[in-house]
Amino acid sequence: MNRRGISIVIAGDWAPIRALEPVVRSAPEGVYGDLLPVLRDADLRIVNCECALTAARKPVWKSGAVFKGLPVHVAGLTRVPFEVACLANNHVFDYGVQGFRESLDVLRRNGIRTVGAGLSLKEALSPLTVLIGGVRITLLNFSEGEDLTASRGGPGVCGWEIDRLLSLIRKSKKRGDFVIAVGHAGLEYVPFPPPYVVAAYRALAEAGADCVVGHHPHVPQGLEVRRGRLIAYSLGNFVFYQPTELYYRRTGFCLRIQVRKNRLSSYELLPYRITERGLRKLGRREEIKLLDKLGRISEPLRSASGITQAWQAYLAYYGPDGFKKEVAGILEKMESEPRKGAAMFRNRLTTLQHSDLWRDALTRFMAERETPVPAGLTRTIKEWFTRTTPSGSA
C-alpha cells in the first residue's frame, strides 16, 4: 500500500454543449485551462457525463432540455484522463436507448469505466469497484431520473433506490472498501438542499459511505462532515456552459479527497470559473470569498431547525407567483407541444424535487399564518438567483 495514500478528484456535470462544444472538439484538454495540472495530479478522476455521446438525431420526449455530444467529444475526457464516468443523471438517455448504447460503447472503447446506468436493472444498480494504490474503492451512482430509471427492469439509470443502495454500501464496508456514493438530485439553482436530499445523503453516510457527492442543482451547495464522512451536496457545473451572467451558475468546484488506510484523511475544494473558452481557477481573493460563502450556506446543516428554515425560506421565495408561473408554462406547452407538456406534468408528479416542492409550497400557501424565515436565508437565496458577474470579467 502507498503509505501517503491516494488522491481522488470528483467533478460535476460535464457536457460538450453550447459555447464549449467547439472548444472540446478543437482543444479537448484546453477546455480545462489551468485546472488541468491539478486534475492530472490525482490518482483517480471521476466525472458526471451529463449527456449522450451519439450520432443519433431523434431525442426523446421529456420534461427538460436535451443534451447531446458526439462520439468525437470523448477526447475531452480521455485527454485528462477521467477514468470513471457517472451516468446516473437525467440526460444520458436524451437520445433514447440507441443513443445510450452508443455512449456506453464510446466510453468503454476509450477505456472509461461507467457506473449508474445500464441496459438492465442489475447493470444499473451494480457498483463499480476499482483498485488504486492498494485501496479498493467502490463507487455507487444514482439519480432521481426523469422517467428514465431502470426500476421496471429495462434500460435506464439507477434511480432513487436508497434502501438498495444502503444495503450495497454495508456489504462494501464489510469487505473494507472505501465507498463513494454520487447522487444526481435536488432542486436546480437553490443554495440549500431540500430536506429529502439531506435525509437520503445522510443515510448513505451513516450506512458507511465515506464520501457522498451530489450534483444536478447546477450551483454550488454546502458541505458537512459527519463522523469523519464527507457530504458535498452539489459541486455546481463543471464543463457545462450556461449562457447567463449569473455568478453561481458559472462557478463550481471539484472535490479532491485523500484516502489513507481506506479512510478519508482530508479533502480540498478546487474552485473555478466557467467561461466561453473553458475553465479557469479562481484568483486567491475570489477563492476566499467563495469558500466563505460555502461556509455560510453550510450553516443550516448544523441543526434540524436550520434545514427546515432554509427550506421554508426557499418556499417563501418561490411563492404563489412562482407556482403560478411554472404551471402556466406547462399549460402553455400542453397547447403548443402536447407530448412535451405531458412530460413536464408527469415529471412534476414523479420526481421528489418537484413533488416535494409543490406539496410543501401549497401547504405553506394554505396556512393561515406562514412560517417566518430568517432574513439572512432569504438574502442568500436571492443572491444565488440574482448575483451577476460583469461582462468581460469572466
Please go through segment 70-87 and give me each residue that is touching a Ser or Thr at 6+ places or on another chain (Cβ under 8 Å) and surrounded by fewer than 24 Cβ atoms within 10 Å (Cβ to Cβ), ordered by number. Leu70, Pro71
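Okay, residues lined up against (1) under 18 Å from Gly214 (Cα atoms); (2) not assigned by TED's automatic domain parsing to the domain that holds Gly214; (3) not β-branched (Val, Ile, Thr):
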| site | (1), (2), (3) |
| --- | --- |
| Trp14 | yes, no, yes |
| Asp41 | no, no, yes |
| Thr54 | no, no, no |
| Asn89 | yes, no, yes |
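Tell me, which strands (runs of 3 or more DSSP E) lie completely within segment 41-124 with 2 or more residues that are closer than 29 Å to Pro243 by Cα? I'd like the intermediate steps shown before the answer.
Details: elements: 44-49, 84-86, 113-115.
Once the strands (runs of 3 or more DSSP E) in segment 41-124 are filtered for at least 2 residues that are closer than 29 Å to Pro243 by Cα, what remains is 44-49, 84-86.
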Return yes when Ala316 is more than 20 Å from His216 (Cα to Cα), hydrophobic (A, V, I, L, M, F, W, C) and exposed (fewer than 12 other Cβ atoms within 10 Å of the Cβ) and no when it is not. no
Taking segment 162-203 only, how many residues are aliphatic (A, V, I, L, M), assigned to a helix (DSSP H, G or I) and under 17 Å from the mean Cα position of the chain (by Cα)? 5
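Would you say Val212 is among the hydrophobic types (A, V, I, L, M, F, W, C), modelled with pLDDT of 95 or more, part of a strand (DSSP E or B) and surrounded by fewer than 24 Cβ atoms within 10 Å (Cβ to Cβ)?
Working: among the hydrophobic types (A, V, I, L, M, F, W, C): yes; modelled with pLDDT of 95 or more: yes; part of a strand (DSSP E or B): yes; surrounded by fewer than 24 Cβ atoms within 10 Å (Cβ to Cβ): no.
So Val212 does not fit the description; no.
Could you tell me which residue of segment 167-202 is surrounded by the most Cβ atoms within 10 Å (Cβ to Cβ), considering only residues that are among the β-branched types (Val, Ile, Thr) and under 15 Å from Ala232 (Cα atoms)?
Initially, segment 167-202 is screened for residues among the β-branched types (Val, Ile, Thr), giving 169, 179-180, 182, 190, 197-198.
Add one more test, that the residue is under 15 Å from Ala232 (Cα atoms), and what stays is 179-180, 182, 190, 197-198.
Details: Val179: 28, Ile180: 30, Val182: 28, Val190: 25, Val197: 26, Val198: 22.
Filtering first and then ranking leaves Ile180.
For residues in segment 221-252 being of a type in the set (Phe, Trp, Tyr) and over 22 Å from Gln353 (Cβ atoms), which is surrounded by the most Cβ atoms within 10 Å (Cβ to Cβ)?
Filtering segment 221-252 for residues of a type in the set (Phe, Trp, Tyr) gives 233, 238, 240-241, 247-248.
The next check asks that each one be over 22 Å from Gln353 (Cβ atoms); those that pass are 241, 247.
Values: Tyr241: 21, Tyr247: 18.
It comes out as Tyr241.
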Matching helices (runs of 4 or more DSSP H) fully within segment 332-394 where at least 3 residues are under 16 Å from Phe192 (Cβ atoms) and modelled with pLDDT of 95 or more: 352-366, 375-386
Please tell me if Asp360 is free of Cβ contacts under 8 Å to residues at least 60 places away in the same chain, crowded, with 17+ Cβ neighbours inside 10 Å, out of contact with any strand residue (DSSP E or B) (no Cβ under 9 Å at 6 or more places or on another chain) and acidic (Asp, Glu). yes
Among the residues of segment 25-42, is there at least one that is without any contact (Cβ under 8 Å) to a residue 60 or more places away in the chain, in contact with a Phe, Trp or Tyr (Cβ under 6 Å, 6 or more places away or on another chain), of a type outside the set (Asp, Glu) and at negative phi? no
Please identify the pairs in which a residue from segment 151-173 that is in the same structural domain as Thr114 (by TED's automatic domain parsing) and of a type in the set (Phe, Trp, Tyr) has its Cβ atom under 6 Å from the Cβ atom of a residue that is assigned to a loop (DSSP other than H, G, I, E, B) and surrounded by 14 or more Cβ atoms within 10 Å (Cβ to Cβ), counting only partners at least 6 apart or on another chain. Trp160/Glu144
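Just checking, which of Arg364, Arg369, Arg348, Arg379 is over 30 Å from Lys281 (Cα atoms), under 27 Å from the mean Cα position of the chain (by Cα), among the basic types (Lys, Arg) and not assigned by TED's automatic domain parsing to the domain that holds Gly64? Spell out how you get there, then give the answer.
Details: Arg364 fails: under 27 Å from the mean Cα position of the chain (by Cα); Arg369 fails: under 27 Å from the mean Cα position of the chain (by Cα); Arg379 fails: over 30 Å from Lys281 (Cα atoms).
Just a single option satisfies the conditions, and that option is Arg348.
The values are calculated or read from the model by the stated rules, or taken from the named source; none is laboratory data. Bear in mind the structure is a predicted one, so any value in this text is a computation, not a measurement. Methodologically, a virtual Cβ is constructed for each residue, glycine included, from the backbone with ideal geometry; neighbour enumeration extends over all protein chains shown.
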